[in-house]
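Worksheet: one structure, shown below.
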Amino acid sequence: MTYPLLISAAQLQALQTGGTPLRVFDCSFDLADPTRADALFAEKRIAGAVQAHLDRDLSAHSAAEAVNGGRHPLPTRELFARTLQALGLNQGEQAVVYDRNGVNYAGRLWWMLKWAGHEAVAVLDGGLQAWEAAGGALASGPASAPARGNFQLGPALRRLVQVGEVREQLGRPTQTLIDARGAARYRGEVEPLDPIAGHIPGALNRPFSDNLGADGRFKSVAELKTEFEQLLAGRDPASVVHHCGSGVSAVPNVIAMELAGYAPAGLYAGSWSEWSRTPDLPCAKG
């Protein structure tokens with residue numbers, strides 16, 4: 001049995017106990033202080049986990065390596081495949097991703113693995129906090145480098161949407177944009193990271209944190225279904241393209257829609273950080 005979406009702490013413990021080949025990735029990060037990610041990993045992690053760093057491992061380092069713009073551009077699939085090999089992932093192996101940040105960063109690796117053609121990847125529901133509460137084994141201190149994996153790219157299992165497509169489809173019923181940023185940033189009242197405040201015209205707002213309950217786990221299927229139906233208000237779910245500030249925190253909305261039973265939606269990974277830096281693109285407030 002493989003897990004393609006979510007996995008509970010108990011299910012992950014069972015996989016470990018049963019000796020199932022798997023690779024666990026700690027994606028914990030601090031956007032305000034990226035240097036803290038290493039300290040968080042060294043301080044406490046799931047035993048056996050490998051660190052996947054948002055800046056070092058999950059973002060391109062130059063325009064030549066990137067497939068889109070924005071603050072956290074995606075690396076090419078080929079470059080990402082080499083990163084996965086270096087992180088020890090093997091072909092067909094169950095991958096489990098987690099963070100301690102409400103899926104804000106683990107979702108990025110989940111989506112990128114799907115984009116690279118790896119189906120068996122699941123987000124640990126509730127993150128490190130749920131693992132601790134379940135009595136899962138922890139480790140701290142320096143981690144040994146994993147043995148190189150044999151991961152190979154497959155056909156992309158999720159759709160990357162580029163800025164040109166978003167611009168071309170703007171205002172048409174064939175595209176429904178959902179912005180995962182907080183409401184104040186969406187409305188353009190504050191903008192701590194990008195040069196222009198506001199949002200892409202016509203975009204709906206659903207902050208990524210709305211997908212989680214008070215316990216840090218995803219809401220029930222029924223709750224998510226009801227909330228997305230209310231948000232879409234008759235719009236075609238197949239037209240949805242998710243985005244956020246830099247293509248990271250949009251992914252919990254992607255996951256939540258799939259949990260609610262919708263087909264996988266597109267991701268505009270360049271997001272507001274690319275849109276707001278591209279000349280002659282319209283911006284809205286309110």
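A few comments on the model shown:
- Projected-area mean, the stretch 160-275, by convex hull of Cα positions, square nanometres: 6.8
- Linear extension gain, residue 38 paired with residue 233, 0.36 nm per residue minus alpha-carbon span: 65.9 nm
- Positive-end ranking of 117, 224, 39 along the dipole of the chain, with charges on Cβ about the Cα centre, is headed by 117.
- Computing Rg and the Kirkwood Rh from the Cα coordinates of the chain gives a ratio, Rg/Rh, of 0.95.
- Cα shape, the stretch 6-139, gyration tensor, a/c 1.5 rule: oblate
- When both the stretch 107-177 and the stretch 185-254 are represented by their alpha-carbon centers, they are found 17 Å apart.
- Farthest positive-ward along the stretch 6-139 dipole, Cα basis, beta-carbon charges - from 24, 67, 83: 67
- When its C-alpha radius of gyration is set against 2.2 N^0.38 Å (N residues), the stretch 23-91 gives a value of 1.16.
- Difference of contour (0.36 nm per residue) and Cα-Cα distance, residue 278 to residue 159: 40.7 nm
- Contact order relative to length of the stretch 165-242, as percent, for alpha carbon pairs under 8 angstrom and 6 or more apart: 39
- Intensity falloff of the stretch 98-223 expressed as log10 I(q)/I(0), Debye formula with alpha-carbon point scatterers, at q = 0.18, 0.20, 0.23 Å⁻¹: -1.26, -1.33, -1.38
- Whole-Hz ³J(HN,Hα) from phi, Karplus 6.51 cos²θ - 1.76 cosθ + 1.60, for the stretch 208-215, glycine and proline x: 4, 5, 5, 7, 10, x, 5, 8
- Long-range HN-HN contacts of residue 138 with modeled amide H, under 5 Å: 47
- Loop sites by DSSP among the GluC sites (Glu not before Pro) of the chain, restricted to those with at most 16 other Cβ atoms within 10 angstrom, leave 1-118 as the longest stretch without any of them.
- Taking the Cα centre of the chain as reference, the dipole from Cβ charges on Lys and Arg (+1) and Asp and Glu (-1) amounts to some 220 debye.
- Close amide H contacts of residue 97 (hydrogens built in the peptide plane, cut-off under 5 Å, sequence separation of 5 or more or a different chain): 25, 122, 123, 124.
- Dipole magnitude for the stretch 6-139: computed about the Cα centre from +1 point charges on Lys and Arg Cβ and -1 point charges on Asp and Glu Cβ, it is near 120 debye.
- Here the contact order of the chain, divided by its residue count and restricted to Cα pairs under 8 Å and six or more residues apart, works out to 21 percent.
- Two-site label geometry, residue 168 and residue 86: point separation in nm, points 7 Å out along Cα→Cβ: 3.4
Bear in mind that the values in this text are calculations on the coordinates, not laboratory data. This one's a predicted model, so the numbers in the text were calculated from it and none came from an experiment. In this analysis, Cβ positions are derived from the backbone assuming ideal geometry, glycine residues included, and neighbour counts consider all displayed protein chains.
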